[in-house]
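FYI, it's all coordinate maths here, none of it is from the lab. None of the values given here were measured: they were computed from a predicted structure. Glycine also receives a Cβ, built like all others from the backbone with ideal geometry; neighbour counts cover every protein chain displayed.
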C-alpha cells in the first residue's frame, strides 16, 4: 500500500473525506499570496505560481524582481513530488478539526508544553501518528517568515580530547530540538573574531531563526551582536553583566566558593586554584567565589596560585610541578576546575613524591566527563558536581520558548550543583 493510500485510509477511519488536491492547491496559493516565497509579494509572481508553475512561466518574471534566480533554483521543488506532498499533507488545522481542539491546543500538545494535560498530549500524538502529521518547514516559512532552523556556530575545531563533549553537545541539542519540531544546524567557524562574520552572514540570509551560544566570555562580542540585531539566542552560561537574555547556567561563583570553603574548613591557608581559559566568564566567576571565601577567612589570594589555561591533565601536571619547585610558599590545598585538571594534579604530586591527601588536599568540580571520573582517581575526589549532559534539554527548551515569545524570566535558569564528600581532603 502506498503512503498516499495509507493516509487516505486514516482519514476514512476518522469519518471524514480526505481534502482534495484542488482544495489543497487553493490553500497553498492563498498562503503564497499572503507571503510569497522569501517575502516577495507581486501580482506577476503570484500569477506565475498559481497558473503557470512552469520554468517558462518563471522566465516571464521581469528581471527587476529580487530573488528571481532563487526562484529559478526552487521551481523544481514546486513541480516535483514535494508539491504533491504539500497538497496532501496533514496540517495542524486538520488535526484540530479531527480532534475537536483548537489549533493552539494541538500545537502546544505536540510541543510538550506543561500547561497541556498528559491525556490530551497522548490523544494528539496518537492522531498525529495515524494521520502521518509532520511539521512542514516550508509552509511554516511561508506563513511566519521563519525557517524552523536553529543553529550553533562552534568557535573552532574541537581538541581531540574534547571529542566526547563535542559529540554529546551536538547530539543532545539536535535530539531535543527535533522533539520541539525544529531542525538544528552546526556551523564550524574559522573566523578568529568570535565568528561574528559567520553570525552576520547567517542573520542576513534569514536562514537561521535563533542560536545557541556556548562558552561565553566576560564581555562577549557574539552576545552584543545578536542583541543589536534582535536575533533570539540562548546562552550556555552567562556573561559578567546582568543577563537580559535566555540562558542556562550553574552558579559558578558558588562552585568556586564551596570548593575553597571546604579546604578552609579543613584548616588550609595556602590554597591554589587551577582554572580554565582566562576569558571565559565561568572561569572568572569561579575565581570570584574563590576570592570571596578567602576574604571571609581573612586570607589574600596569591597571584602565583591562580592559574588559567586549557582544561587538560597536562595543565594540572605542569602547574603543580611549577608551584612545588618554586621557592615557596607551597600550597597545602589545591582546587581543580574539572576532573582532567585534577588528574594532572594527582600525577604531578605523585611525581614529586607527595601524597593525596596526606601531604596535599585536592578538591575539584566534576562535569561528569566519561574519561576521568572522581572515583577513577587514585584517591576519590571530593568536590562539586553538575553533569554537562543536563544542559541540553533546557537550552533547547528556552530557545524554542524565546522564539515563541516567552517572557524573559521563564527562559533563564541557574541549574543545581551538588557537593560530594569523598577522600581527597585531610584536616590539618
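Seen from every direction in turn and averaged, the convex hull around the alpha carbons of the range 252-389 projects onto 7.5 nm².
Here the gap between residue 288 and residue 375, fully extended at 0.36 nm per residue and compared with their Cα-Cα distance, gives a gain of 28.5 nm. Ordering 208, 149 by the number of other Cβ atoms within 10 Å of each residue's own Cβ, fewest first, gives 149, 208.
Put a dot 7 Å past each Cα toward the Cβ at residue 125 and residue 279; how far apart are the dots in nm? Here the modelled spin labels are 4.3 nm apart. Taking label points 7 Å from Cα along the Cα-to-Cβ direction, residue 306 and residue 404 give a separation of 4.3 nm. Counting neighbouring beta carbons within 10 Å and listing from fewest to most, the residues 93, 118 come out as 118, 93.
Counting beta carbons within 10 Å around each of 122, 390, 409 and listing the fewest first gives the order 409, 122, 390. Fully extending the segment from residue 330 to residue 240, taken as 0.36 nm per residue of separation minus the present Cα-Cα distance, adds 29.3 nm. If R0 equals 22 Å, the separation of the Cβ atoms of residue 200 and residue 227 corresponds to a calculated FRET efficiency of about 0.95.
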